[in-house]
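Data first, discussion second: the structure below is written as structure tokens.
The values are calculated or read from the model by the stated rules, or taken from the named source; none is laboratory data. This is a predicted model, so every value here is computed, not measured. Areas reflect the complete protein model, heavy atoms only, side chains present, ligands, DNA and RNA absent. Shrake-Rupley method; radii C 1.70, N 1.55, O 1.52, S 1.80 Å.
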Amino acid sequence: MKGSDIRKIVSEFEADEMGVDRFTVAMRRKLTKKRKEGRGGWNNDCRIETLLAMLHEHAGKGDMVDIANFAMMVWNRENPNG
């Protein structure tokens, strides 16, 4: 199913699974790119308030992958034990 048009998937389960898998790949690629640029520390060095501000800033820019990555960071900081 990799590379399939998500709009043509009939099963809701398959669409959900494929959508999450594809989005996760995009998130990981962006995180890797930013790490190579020297970004990091969200898990312990950065204040949650700073992460929330960055989430809101990027929401205005409309990059869904950035929004998801910042949401992931905030969620993990607020839920350290999952």
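Please compute the per residue accessible area over the chain with all protein chains in place, 1.4 Å probe, rounded to a whole number of Å².
77
Please compute the length gained on full extension between D45 and D5, using 0.36 nm multiplied by the number of residues separating them and subtracting their Cα-Cα distance.
Working: separation 40, 0.36 × 40 = 14.40 nm, distance 3.95 nm.
This chain segment gains 10.4 nm when fully extended.
Whole percent per 10 Å bin, from 0 to the bin with the longest distance: what is P(r) over all C-alpha pairs of the chain?
Percent of pairs per bin, in order: 16, 40, 29, 14, 1.
Could you let me know the centre-to-centre spacing of the stretch 54-82 and the stretch 1-49, using Cα atoms, in angstrom?
12
Would you kindly find the accessible area of D63, with a 1.4 Å probe and non-protein molecules such as ligands, DNA and RNA excluded, rounding to the nearest 10 Å²?
50
Mind checking the angle between helix 12-36 and the chain's longest principal axis? C-alpha axes, 0 to 90 degrees, to the nearest 10.
Once rounded, one gets 40 degrees.
Could you check how much of the accessible area of the chain is carbon and sulfur, as a whole percent, using a 1.4 Å probe?
53
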